[in-house]
Amino acid sequence: MIFNRKQTGKAITIRNPVFIGLLVLFTSGVVYLYFKKPDNALIHAAKGLEYERSVQDTLAQAVQCYQETCRLSPSDAMFQHNLGWLYWKNQQSDSALFYVSRAIELEPNMAVYYISKGLMLELKNPDEAFGAYKQAVLLSPDIIDSPFFNDLKGRNPVKTGELLKNASNELLEMLSVRYSSIIEAKSGKLLLSLGENDRAYETLSHVTQIHPNLNRPWYYLGYIEQKRGNFEAMQIAYKKSLYLSPSDYLPLYALSSYYQATGDTVKSDSYYKSAEKAYKNKRSVHSIRSKRMYYQSSKHDDVIPQGFLNYISPVFQTQALMRIENIHNGAR
């Protein structure tokens, strides 16, 4: 292999056969990987998702695919969780609880796994189920605004109310031991959900002073300002939230609602379209991680059962947003 350099008139000659062989082998490997996807856990998971979301009866194939994903990647909690739900759909409750509990052991900081466990336990053991739900709320208080939590309140309003109070008290106890702006932000959201708007405002305002780069505290401050009728302060807070997280559909929906109410249909429609796009394109945490883990993109929503990610995600619900909610529900 000879490289000529015109600038110097010199030539570099490489006649090492080992080097040439390694170069050819490397090139062949790159070409092979480019044209043929490797046999990894994510490939089988993708097939399993297709089977689970098929209109045909392909549950058995989905189970087989996820059994293989768990064999290839036994430490991936989402694969364990999804296999658990497939067993649940196949009326194998013991196996379902085993795999969902395994997901919690592998990744104990994911609210979705606790919600799944609670739903599987709720009829048989409501106390344990609500314990799982409380843990989910402690990890991600935003689920309080989800369709799941709204249904939970409808099924058992007393236990749900106790859950919120107990979770709020637990967060306050954590703060008394060690300060954390994340915990304080969660506490502010729970105080807001309990109707303690003034305390929530004070708490969330403090968070934005200590940690101004968290977007959801700004969003909830905007929500409180909206309820108070302070629309200029509301816009500032919502826009700060949106600046920090442009793909967060909650402040987008909120601003769309506000501009619709003021008669500015151009701005309202613009924010609404952005909100709908952000809502439809939201990704699960596992989906975001998958490209780093497997060097391949996965579906935005890789959570089983189908529709579960939407079910546990927060929605913006006020009377001012009835137009948006009606349009969204009509599109389903």
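The values are calculated or read from the model by the stated rules, or taken from the named source; none is laboratory data. Note that the structure is a prediction, hence the values are computed from the model and not measured. Quick reminder, even Gly has a Cβ in these numbers, built from the backbone with ideal geometry, and neighbours come from all protein chains shown. For the accessible areas, the whole protein counts, side chains as well, though only heavy atoms, and no ligand, DNA or RNA atoms are used. Shrake-Rupley method; radii C 1.70, N 1.55, O 1.52, S 1.80 Å.
I'd like the carbon and sulfur percentage of the solvent accessible area for the chain, probe radius 1.4 Å, heavy atoms only, ligands and nucleic acids excluded.
For the chain, the apolar C and S fraction of the accessible surface comes to 54 percent.
Rolling a 1.4 Å sphere over the protein heavy atoms, what is the accessible area per residue of the chain, to the nearest Å²?
Each residue of the chain exposes 55 Å² on average to a 1.4 Å probe.
Among (1) 28, 26, 22; (2) 43, 30, 21; (3) 35, 24, 23, which one is semi-axes √(5λ) of the Cα gyration tensor in Å computed from these coordinates?
Computing semi-axes √(5λ) of the Cα gyration tensor in Å and matching it to (1) 28, 26, 22; (2) 43, 30, 21; (3) 35, 24, 23 gives (2).
Which entries of 117/159; 134/239; 134/186 have Cα-Cα distances beyond 19 Å here?
Exceeds cut-off: 134/239.
State the Cα centre-to-centre distance between region 265-298 and region 153-173 in whole Å.
Using only Cα atoms, the two centres lie 31 Å from each other.
For the chain, what's the relative contact order in percent, using C-alpha pairs closer than 8 Å and at least 6 residues apart?
The normalised contact order for the chain reaches 13 percent.
For the chain, find the longest principal axis of its Cα atoms and tell me its angle to the long axis of helix 111-121, 0 to 90°, nearest 10.
70
Arrange the peptides 86-99, 134-147 so that the one whose residues have, on average, the most other Cβ atoms within 10 Å appears first.
Peptide ranking by packing, descending: 134-147, 86-99.
Rank by packing, highest mean first: peptides 179-188, 277-286, with packing defined as the count of other Cβ atoms within 10 Å averaged across residues.
Ranked by mean Cβ neighbours within 10 Å, highest first: 179-188, 277-286.
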